[in-house]
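The structure appears below as structure tokens.
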């Protein structure tokens, strides 16, 4: 139950819907203009579509933000 308490509302909704489907069903979850697959569905979907699973956009955004912060900090250090 502790893991369930840590889920975002979106993931809580996803898990609830996924639990209502047959075990072999893939759930494409609409987020804005896009459809996303999570967890095992992402792996299975990638195999079916013959593509690699993509990291979540927020993970890329965080990494890019961290890179930008590091560059900014280096520039500040150099100008000091």
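When you go through 18, 23 one by one, which is the residue that is assigned to a loop (DSSP other than H, G, I, E, B) and modelled with pLDDT of 85 or more?
On the way: 18 fails: assigned to a loop (DSSP other than H, G, I, E, B).
Checking each option against the conditions leaves just 23.
Find all pairs meeting these conditions: Cβ atoms under 9 angstrom apart; at least six residues apart or on different chains; first residue within the range 27-38 and without any contact (Cβ under 8 Å) to a residue 40 or more places away in the chain; second residue exposed (fewer than 10 other Cβ atoms within 10 Å of the Cβ) and assigned to a strand (DSSP E or B).
Pairs that qualify, where the first residue is without any contact (Cβ under 8 Å) to a residue 40 or more places away in the chain and the partner is exposed (fewer than 10 other Cβ atoms within 10 Å of the Cβ) and assigned to a strand (DSSP E or B), are 36/30.
Could you tell me how many of the residues in the range 35-70 are part of a helix (DSSP H, G or I) and at pLDDT below 75?
Initial filter on the range 35-70 (part of a helix (DSSP H, G or I)): 39-49, 57-70.
When the remaining residues are screened for being at pLDDT below 75, the result is 57-70.
Selection size over the range 35-70: 14.
The values are calculated or read from the model by the stated rules, or taken from the named source; none is laboratory data. Fair warning: this is a prediction, and the values are worked out from it, not measured in the lab. Here the Cβ is made from the backbone with ideal geometry for all residues, glycine too, and neighbour counts use every protein chain on show.
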